[in-house]
Every structure is written in C-alpha cells, then in structure tokens.
Amino acid sequence: RWQAKTFQSNFDSAPHQYRFKIPVSYRDGLCEMKLGKVGLFIYGRYGDKDWQQTYDNGGLVIVDKLPEGAPAFGEDGVVAKTAVCSWWFQLSKAKSRRGEISKLLSCKGAGAYLPVSELDQKTVRLNFEVDKQERPYLRGYWLKTQRGWKPCTGRWETKFEELCTEPPQFRAFRMSGRECTVYPNCTE
C-alpha cells in the first residue's frame, strides 16, 4: 500500500528558505515503507484578494538509474537545481471576474531525478527564480506594443481575448477596478 505525508509552509512576502527532512524509509505497523516520490505544489500570489493566487506542480522522482543529462549528487552529497517561475496573464473566465486580468504560475525545472540507491543522508537544493517578463497565457491572442500588451478581439465577438486578426482589433479589460487598454500599465 502507499502512504502520503505532508510538509507545508505558508505564504511569505519575503524570500526565504524551506527545509524539510524527508525519510527515505520508515515502518508503519508491519509494513516497511520506502520513499517513492516527492510531489511539490508551488504556490504564488499576484494580489491580495483570495482568488489572486495560483500554483504549479513539481516533484522529485525516485529512479533506479539517472536519465542521461540529469544532475547527480556531488561529492558534498548535494544536487542543486534552479526552477524559473513565470506569470502568464489572461482575461478571467470566472463569471464574477469576467474581463479582469488573472494570472497562472508556470515553473520550469521544478524538480529532479534522484537515484534510489544514493538517497540516504543527501540534500536536494531547489532554488526558485521569478522571470521578470510576464507573458500572455495564449499565444497570438495578445499583441505586444511599445506601451505593453493589448488583448485582441474581433473574430468570434466573445467577452474574452481572441486570436489576433489583420489588422488587429483590441478590447478593453479591467484591472484593479479600472478600465484598461494595455497590460501592465493599464492606459497608453
């Protein structure tokens, strides 16, 4: 059978470290358990409202043999990786927030492969960086201008951003209670 244990820390506005000691094996009654995987839920906030939070997944995958090109534990017993997290913006599909900017979190490299035979007393150091460039969630639905990103409309006449046409047509949107025409600056 399998069993899940949870290690969790709350949001903090300042960069900081999390440190967890995860057992590679333990007993539960007559059953001996071995670590099979470590799932990561990476939460981020882009505003102070309850709905202005999102997450992405990552994980540590336990393998018999490292895949080619995967980083291995160094002589110091540490494997270190850096994940880069990006914010992808879009117009919200939620009925109560339709036409407002919402964001999704996308973290590349948020995990590692770990050889099962080398796990005991080792350290995995996973650093996170935030990409300073935000991007639209849908490619071709926003047009980058000198003043920022503008959402296209015109093809299907919906309340959401649409695939840009030639010549492009743009729509307004809401951000922080204001009517806007360009993201992130709001007005041109």
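The values are calculated or read from the model by the stated rules, or taken from the named source; none is laboratory data. Just so we're clear, the structure is a prediction, and the values are computed from it rather than from any experiment. All Cβ positions, glycine included, derive from the backbone under ideal geometry; neighbour counts span all protein chains shown. Side chains are part of the model used for accessible areas, which takes the heavy atoms of the whole protein and leaves out ligands, DNA and RNA. Shrake-Rupley method; radii C 1.70, N 1.55, O 1.52, S 1.80 Å.
Lys93 meets the conditions (1) open to solvent by 90 Å² or more (accessible area, probe 1.4 Å); (2) more than 30 Å from Lys159 (Cα to Cα) in every case but one. The failed one is (2). Looking across segment 90-130, the residues that are closer than 22 Å to Leu60 by Cα and of a type in the set (Asp, Glu) come down to Glu118, Asp120, Glu129.
The set of residues in segment 159-181 that are within 18 Å of Arg97 (Cα to Cα) and assigned to a strand (DSSP E or B) comprises Phe173, Arg174, Met175, Arg178, Glu179, Cys180. Selection over segment 135-157 of residues that are open to solvent by less than 60 Å² (accessible area, probe 1.4 Å) and part of a loop (DSSP other than H, G, I, E, B) gives a count of 4.
Applying the criterion of being open to solvent by 70 Å² or more (accessible area, probe 1.4 Å) and among the polar types (S, T, N, Q) to the residues of segment 112-126, the residue that is farthest from Gly69 (Cα to Cα) is Gln121. Residue count for segment 71-90, restricted to those that are open to solvent by less than 60 Å² (accessible area, probe 1.4 Å) and free of Cβ contacts under 8 Å to residues at least 24 places away in the same chain: 1.
Look at (1) under 30 Å from Ala14 (Cα atoms); (2) among the aliphatic types (A, V, I, L, M); (3) outside any strand (DSSP E or B) and you find that Ala112 fails only one, number (3).
So, Ser102, is that one outside any loop (DSSP other than H, G, I, E, B) and crowded, with 18+ Cβ neighbours inside 10 Å or not? Yes: the conditions hold for Ser102.
Table: residues versus (1) loosely packed, with under 11 Cβ neighbours inside 10 Å; (2) at pLDDT below 95; (3) farther than 30 Å from Glu162 by Cα.
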| site | (1), (2), (3) |
| --- | --- |
| Asn10 | yes, yes, yes |
| Ile22 | no, yes, yes |
| Cys31 | yes, yes, yes |
| Lys37 | no, yes, yes |
| Gln52 | no, yes, no |
| Gly69 | yes, yes, yes |
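Every listed requirement among (1) more than 24 Å from the chain's Cα centre (by Cα); (2) modelled with pLDDT of 95 or more is met by Asn57 save one, (1). None of Ser9, Ser96 is without any contact (Cβ under 8 Å) to a residue 40 or more places away in the chain and part of a loop (DSSP other than H, G, I, E, B) except Ser9.
Quick one: would you say Gly99 is small (Gly, Ala, Ser), under 12 Å from the mean Cα position of the chain (by Cα) and closer than 26 Å to Gly140 by Cβ?
No.
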